[in-house]
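Okay, structure first, notes after.
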Amino acid sequence: MTTLAPEDPQRRQEEQAANLLKDLFGSKIDALVRGGVKVSVITKPETVIQDIVDRLGVTKSPWADIVGPCYTSGSLQRELGVERGAVSRAVKEFRALRLPTADGRNLYPAFQVRNRQLVPGLKEVLTVLQSGIDDPWTWAQWLNTPLADENGEDQPRAIDLLANGDLETVLVEARHDAAAWAE
């Protein structure tokens, strides 16, 4: 999974590649039609597209919807106005959350950045969460998922409470969940 911040140059490159594929696919279909193939006889267009996508073996990770947009290391450095070493230190000190991917890349959830700064209090919260489970992806899900109250009503996400300065409320929830994870 690679989810990129909207301003990321790699995102623009991916969009250009997607547009090129659309154009190429369209021109191949046009050539078939010009050659006399009745495309409607083959099958439904949606089925053809789905078959092609299935053969590529590419799937969208459900984590993209759970975690939301992410920065690459370079785009996070630019957003925060820091060098690579500062991002690495922030991760080691639990002031920033880094998500390693299966393909060896590192992503940084955009939700942890507000006004070009890392959300204060992440160090305390991530330290508590790590005491229950050592999995940054679980921490990201925990921070970015709306909490439900006793009536099932959605409450603000932990990251939003943290960004609004409500560190104590978030720490209480983090301690509770970390203890449950550790059992």
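Summary table
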read-out: Long-range amide H partners of residue 107 with built H, under 5 Å; value: 99, 101
read-out: Set of aspartates and glutamates near residue 123 by C-alpha distance (under 19 Å), chain-local residues within fewer than 8 positions excluded; value: 93, 134, 135, 160, 166, 168, 173, 177
read-out: Read-out Cα Rg over 2.2 N^0.38 Å, derived from the coordinates shown; its label in [x] 1.13; [y] 1.35; [z] 1.03; value: [y]
read-out: Distant-in-sequence amide H partners of residue 157 (H built 1.01 Å from N, under 5 Å); value: 147
read-out: Segment residue 92-residue 116, extension gain: residue separation times 0.36 nm, minus the distance between their alpha carbons; value: 6.7 nm
read-out: Per residue Cα convex hull volume in Å³ - calculated over segment 57-110; value: 87 Å³
read-out: Estimated vicinal HN-Hα couplings, Hz - segment 168-183 in sequence order (Karplus 6.51, -1.76, 1.60; Gly, Pro = x); value: 4, 4, 5, 5, 4, 5, 5, 4, 4, 5, 4, 5, 5, 5, 6, 6
read-out: Of all accessible heavy-atom area on the chain, the percent that carbon and sulfur account for (1.4 Å); value: 52 percent
read-out: Whole-Hz ³J(HN,Hα) from phi, Karplus 6.51 cos²θ - 1.76 cosθ + 1.60, for segment 17-30, glycine and proline x; value: 5, 4, 5, 5, 4, 4, 5, 5, 4, x, 5, 5, 5, 4
read-out: For the chain, built as a Gaussian network whose Cα springs stay under 10 Å, the top-fluctuating residue of 16, 130, 141; value: 16
read-out: For residue 114, residues with placed amide H under 5 Å, excluding near neighbours; value: 119
read-out: Over the chain: helical MRE at 222 nm, DSSP H runs n ≥ 4 each giving -39500 (n - 2.57), nearest 500; value: -17500 deg cm²/dmol
read-out: FRET efficiency for residue 84 and residue 25, using Cβ-Cβ distance with R0 set to 41 Å, rounded to 0.05; value: 0.60
read-out: Surface accessible to a 1.4 Å probe, residue 172 within the full protein complex, Å²; value: 90 Å²
read-out: Average accessible area per residue (Å²) across the chain - probe 1.4 Å, nucleic acids and ligands excluded; value: 63 Å²
read-out: Residue 123 - accessible surface, heavy atoms, 1.4 Å probe, Å² rounded to 10; value: 100 Å²
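The values are calculated or read from the model by the stated rules, or taken from the named source; none is laboratory data. Just so it is clear, the structure is predicted and the values come from calculations on it, not from any experiment. Every residue, glycine among them, receives a Cβ derived from its backbone with ideal geometry; neighbour counts consider all protein chains shown. What goes into the accessible areas is simple: the full protein's heavy atoms, side chains included, and nothing from ligands, DNA or RNA. Shrake-Rupley method; radii C 1.70, N 1.55, O 1.52, S 1.80 Å.
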